[in-house]
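Notes for the one structure printed next.
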Amino acid sequence: MAFSKQDLELFKEKLLKIKSKESTQLDEIVSQLEQLSENGQDEKGQNTTSYSVQVENLLNAKSRLLKHLNQVNNALLRIENNHYGFCVQTGVLIDKNRLLAVPTTTLSIEGKKMREVNK
């Protein structure tokens with residue numbers, strides 16, 4: 001048994017809000033990286049340690065956002081293909097409250113426990 005169309009619409013709305021927010025954050029990070037690349041050198045033309053740390057932090061944040069946006073897009077695809085909400089480990093429907101808390105998850109609590117045991 002799968003989720004109702006109403007439930008799927010709720011999950012879709014939640015995922016689209018996340019996607020919008022994170023896309024905005026990604027744009028801000030890209031803008032900050034561009035500003036740093038223009039202004040990140042000292043008067044001798046060398047990058048400062050502070051500059052390097054800022055760039056590294058922004059690149060890490062960008063990488064995390066891209067990874068999560070990919071997960072969001074995959075979840076939206078699963079909704080469109082009527083495969084959303086099923087645990088990839090156990091095949092059972094993931095608890096609705098878990099999906100509301102972590103709408104990109106592909107594992108039920110049981111499936112996650114099984115994966116951790118098999119590591």
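FYI, it's all coordinate maths here, none of it is from the lab. Everything quoted here is computed from the prediction, not taken from an experiment. No Cβ is skipped: glycine too gets one built from the backbone with ideal geometry, and neighbour counts run over all protein chains shown.
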Which of ASN73, SER4, LEU26 sits closest to the plus end of the dipole of the chain, meaning its Cα is farthest towards the positive end, when Lys and Arg get +1 and Asp and Glu get -1 on the C-beta? SER4
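What number, in percent, do you get for the relative contact order of the chain if the mean sequence gap of Cα pairs under 8 Å and at least 6 apart is divided by its residue count?
Contact order relative to length: 28 percent.
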Cα centroids of segment 3-18 and segment 91-114: how far apart, whole angstrom? 15 Å
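To the nearest 20 debye, what is the magnitude of the charge dipole of segment 1-83 about its Cα centre, counting +1 on the Cβ of each Lys and Arg and -1 on the Cβ of each Asp and Glu? Walk me through the intermediate numbers first.
Details: 11 positive and 12 negative charges, 103 e Å.
Using Cβ point charges on Lys, Arg, Asp and Glu, segment 1-83 gives about 500 debye.
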Amide H neighbours of PHE86 under 5 Å, at least 5 residues apart or on other chains, H built in the peptide plane: list them. ILE94
What is segment 1-42 by shape, rounded, prolate or oblate, if you read a ≥ b ≥ c off the alpha carbon gyration tensor as root eigenvalues and call it rounded for a/c under 1.5, prolate for a/b larger than b/c, and oblate otherwise? prolate
Starting from the Cα of LYS67, draw a straight line to each of the lysines and keep only those under 16 Å, dropping any in the same chain fewer than 8 residues away. LYS19, LYS21
Let me know the shape class of the chain, please: from the alpha-carbon gyration tensor, a ≥ b ≥ c as square roots of the eigenvalues, rounded when a/c is under 1.5, otherwise prolate if a/b is greater than b/c, or oblate. prolate
